[in-house]
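Notes for the one structure printed next.
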Amino acid sequence: MTALTRSAAQRDRSRHAQRSAVADAMFRNITRVAALLVLALVIAILVVLLVQAWPAFHRFGWHFFSGREWDPAHATFSALTSIFGTLVTSAIAMVIAVPVSFGIALFITELAPAWLRAPVSIAVELLAAIPSIIYGMWGLFVFAPLFGEYVQPWIIEHIGSWPWVGALFQGPPMGIGIFTAGLILAIMVVPFISSVMRDVFSLVPTVLRESAYGVGCTTWEVVWRVVLPYTRAGVMGGIMLGLGRALGETMAVTFVIGNSHTLGTSLFNAGNTISSTLANEFTEAVGQTYTSSLVALGLILFLITFVVLALAKLLLLRMAAREGSPT
Amino acid sequence: MNGASARYMRRRVVNWVSLSMSVLGTLFGLFWLVWLLWTLVARGVRWLSPELFTQSTPPPLAPGGIANAIVGSILITALGVIVGTPIGILAATWLAEFSRRSRLAAVIRFVNDILLSAPSIVIGVFIYGVVVARFGHFSGWAGGLALAIIMLPVVLRTTEDMLKLVPDQMREAAAAVGAPRWRVTVMVVYRAALGGIITGVLLGVARISGETAPLLFTALNNQFWSTDMNRPIANLPVMIFQFAMSPYDNWQHLAWAAALLITLAILALSLFARLVIRSRSFVK
């Protein structure tokens, strides 16, 4: 009797174990499929873009990257003005955003009293939550008119006549243009860069910081000579992440850049970027060559942000390696 | 002595100047936030009205609301969440629970970061290529799928981070009392990380509900009331874009009202998500 029940219980238990093993394997495989799906998705994006961009690359060859024409009427397209606009607006954004983000990170980690730290970081991060189309509307209807009326004329008059640099600040004060786009991009990427900087600054061991203070360093010397060298790789990684954002940003730029396919020296000119061209023309594009050229622009943008991201990851990894623990 | 004190003075001045610049930088950042929000309130509040929520977008120069755009936005955002969230959570589970250190996991993590930083307009182009071009028309489905692709990496990243924070002792304790692996994951690990996972989803929703670029050539827009996901569907971001750029006064007013609403909703959502994270870290 006892032997009978025991074997029944054993049978029961082993059946139970079998069932859980099957469920385990199923669960594990479902999660694996989901993870592989992410990989497949990115590969699919690359393949689809490449296939659809191929007619344009095939037709225009290397000229697609070096030519300046963008002429839908004659079905002649090339990417130089868009690539140029993308790179220049992002460069302006970085020139403004990096020092500002550094200042904010410095303020939050070293200067602000404890009660002010969280509110300031959250407020700055809210800048990242505002949709880019709002930046665009504000830029076009509020910022650009004021900028064009009060600030630009002054800059054109006073800096526009300098040798070398002056050429960058000439032309009619329209308010909109490459510089305005870069400035708005700067505001948009400040929260990304400053939050990475803040995080890596707080990774600096307290001992390092305190021993620097102990030998009589000022706050600035501690930050500039101790904190910054220690976190250099992480800071660069944060800058790269911000740069990636700026390169791909679409709506804000589309509103304020003026959307013209020309190449000029002045930053106050209207211009275009890869993403603004796509936003403006993709739905209206007629004919395979036109659409294909636009997809080719998208592919180029994807590859540019890919390279920037890879650099950022590499730098942040180096930072993590020195830290000695994976982040 | 004189030289030393001069150098001391110089160091103090440098310190003072640079720290002032740091404060100025912070004020510079906050200045734009205040200006942006002020603009929205100043230009948007005037046009808020009950009709906004009851009527569809009007033809130029006629009265109307944005009800169709609100509903359309909710529909495609919901589709994005429903498709993006489970895949993101499951993929994160594989990375955090089943293959933390494998080579493939490292590759998928990297690829996910690529997806996370991919320009959203490129995602739009991709969905246009595989969905819109294939079926021959713009549709709500295409818009929702584009949003799902943007949502997925956000959820994956935060979920994986949160799962990794769950101490291994909890997994071991559950396994020791005989729980199979999947129950350990679902009933112990998920439950412990729930707050963090929800935060990730909320941040994802905040991110996709303001996205305009990927909807421009997927969901497009629709001036009329429609809940048919198989056709172009109205949505707030694209509606704001088209109406703001239009020459008609009433369309611009609707655009500002919609801009105020969507920004308030997204700010509330991301503040709420941060609070969830904050209260969670307290528990630990």
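Residues to consider are A:A246, A:A270; find the one that is touching a strand residue (DSSP E or B) at 6+ places or on another chain (Cβ under 7 Å) and of a type in the set (G, A, S).
On inspection, the qualifying residue turns out to be A:A270.
Out of all the residues in region B:244-251, is one or more at pLDDT 90 or above and within 11 Å of chain A (Cβ to nearest Cβ)?
Scanning region B:244-251, I find at least one residue that is at pLDDT 90 or above and within 11 Å of chain A (Cβ to nearest Cβ), so the answer is yes.
Filter region A:142-186 down to the residues that are of a type outside the set (G, A, S), in contact (Cβ under 8 Å) with a residue 24 or more places away in the chain, outside any helix (DSSP H, G or I) and more than 14 Å from chain B (Cβ to nearest Cβ) and list them by number.
Residues satisfying the conditions are A:Q170, A:P172, A:P173, A:M174.
Per-residue answers, yes or no, for (1) free of Cβ contacts under 8 Å to residues at least 12 places away in the same chain; (2) closer than 22 Å to B:F126 by Cα; (3) touching a Ser or Thr at 6+ places or on another chain (Cβ under 9 Å):
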site	(1), (2), (3)
B:V188	no, no, no
B:T199	no, no, yes
B:F217	no, yes, yes
B:N221	no, yes, yes
B:Q252	yes, no, yes
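Here is a yes/no grid of residues against (1) surrounded by 23 or more Cβ atoms within 10 Å (Cβ to Cβ); (2) more than 30 Å from A:E249 (Cβ to Cβ):
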site: B:Y190; (1), (2): no, yes
site: B:L194; (1), (2): no, yes
site: B:L220; (1), (2): no, no
site: B:N230; (1), (2): no, yes
site: B:A244; (1), (2): no, no
site: B:A258; (1), (2): yes, no
site: B:I266; (1), (2): no, no
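All but one of (1) among the aromatic types (F, W, Y); (2) touching a residue at least 40 places away in the same chain (Cβ under 8 Å); (3) more than 16 Å from B:I240 (Cβ to Cβ) hold for B:F98; which doesn't?
The number of the failed condition is (2).
Residues that are farther than 30 Å from B:I262 by Cα, away from chain B (no Cβ under 11 Å) and open to solvent by less than 10 Å² (accessible area, probe 1.4 Å): list the helices (runs of 4 or more DSSP H) wholly contained in region A:47-141 that include at least 2 such residues.
Here the list reads A:80-106.
Evaluate the following for B:F110: is it in the same structural domain as B:P237 (by TED's automatic domain parsing), touching a helix residue (DSSP H, G or I) at 6+ places or on another chain (Cβ under 8 Å) and closer than 24 Å to A:V307 by Cα? Break it down into steps so the answer makes sense when it comes.
Details: in the same structural domain as B:P237 (by TED's automatic domain parsing): yes; touching a helix residue (DSSP H, G or I) at 6+ places or on another chain (Cβ under 8 Å): yes; closer than 24 Å to A:V307 by Cα: yes.
When the stated conditions are applied, B:F110 passes them.
Search region A:1-23 for residues being modelled with pLDDT under 70 and part of a helix (DSSP H, G or I), and hand back the single one that is nearest to B:G178 (Cα to Cα).
Looking only at region A:1-23, we keep the residues that are modelled with pLDDT under 70, and these are A:1-6.
Next, from what is left, pick out any that are part of a helix (DSSP H, G or I): A:2-6.
Values: A:T2: 24, A:A3: 24, A:L4: 24, A:T5: 21, A:R6: 19 Å.
The selected residue is A:R6.
Name every residue in region B:32-55 that is away from every other protein chain (no Cβ under 14 Å), more than 25 Å from A:A123 (Cβ to Cβ) and either touching a residue at least 12 places away in the same chain (Cβ under 8 Å) or of a type in the set (G, A, S) (or both), in order of residue number.
Within region B:32-55, B:R46, B:S49, B:E51, B:L52, B:F53, B:T54, B:Q55 qualify.
Any idea which of B:A105, B:A91, B:A96, B:A118 is small (G, A, S) and more than 26 Å from B:R183 (Cβ to Cβ)?
Answer to the check: B:A118.
Which numbered condition trips up B:V130, out of (1) part of a helix (DSSP H, G or I); (2) open to solvent by 20 Å² or more (accessible area, probe 1.4 Å); (3) more than 7 Å from chain A (Cβ to nearest Cβ)?
Of everything listed in (1) part of a helix (DSSP H, G or I); (2) open to solvent by 20 Å² or more (accessible area, probe 1.4 Å); (3) more than 7 Å from chain A (Cβ to nearest Cβ), B:V130 misses just condition (3).
Among the helices (runs of 4 or more DSSP H) contained in region A:197-301, which hold 1 or more residues that are free of Cβ contacts under 8 Å to residues at least 60 places away in the same chain and closer than 27 Å to B:P214 by Cα?
By residue number, A:232-248, A:274-281.
Of the residues that make up region B:65-88, is at least one outside the structural domain of B:L147 (by TED's automatic domain parsing), modelled with pLDDT of 90 or more, part of a helix (DSSP H, G or I) and under 30 Å from A:M240 (Cβ atoms)?
No, because not a single residue in region B:65-88 is outside the structural domain of B:L147 (by TED's automatic domain parsing), modelled with pLDDT of 90 or more, part of a helix (DSSP H, G or I) and under 30 Å from A:M240 (Cβ atoms).
Being among the basic types (K, R), touching a helix residue (DSSP H, G or I) at 6+ places or on another chain (Cβ under 9 Å) and not in a helix (DSSP H, G or I), is that true of even one residue in region B:230-249?
Scanning region B:230-249, I find at least one residue that is among the basic types (K, R), touching a helix residue (DSSP H, G or I) at 6+ places or on another chain (Cβ under 9 Å) and not in a helix (DSSP H, G or I), so the answer is yes.
Filter region A:230-272 down to residues that are among the polar types (S, T, N, Q) and out of contact with any Leu (no Cβ under 8 Å at 6 or more places or on another chain) and give me whichever is most open to solvent (accessible area, probe 1.4 Å).
Here the residue is A:T262.
Among the residues of region B:111-127, write down those that are surrounded by fewer than 19 Cβ atoms within 10 Å (Cβ to Cβ) and more than 7 Å from every other protein chain (Cβ to nearest Cβ).
B:L116
The values are calculated or read from the model by the stated rules, or taken from the named source; none is laboratory data. Keep in mind that what you see is a predicted model, and the values were worked out from it rather than measured. Cβ coordinates were reconstructed from backbone atoms using ideal geometry, including for glycine residues, and neighbour counts include every protein chain displayed. Each accessible area value is taken on the protein alone, full model and side chains, heavy atoms only, with ligands, DNA and RNA left out. Shrake-Rupley method; radii C 1.70, N 1.55, O 1.52, S 1.80 Å.
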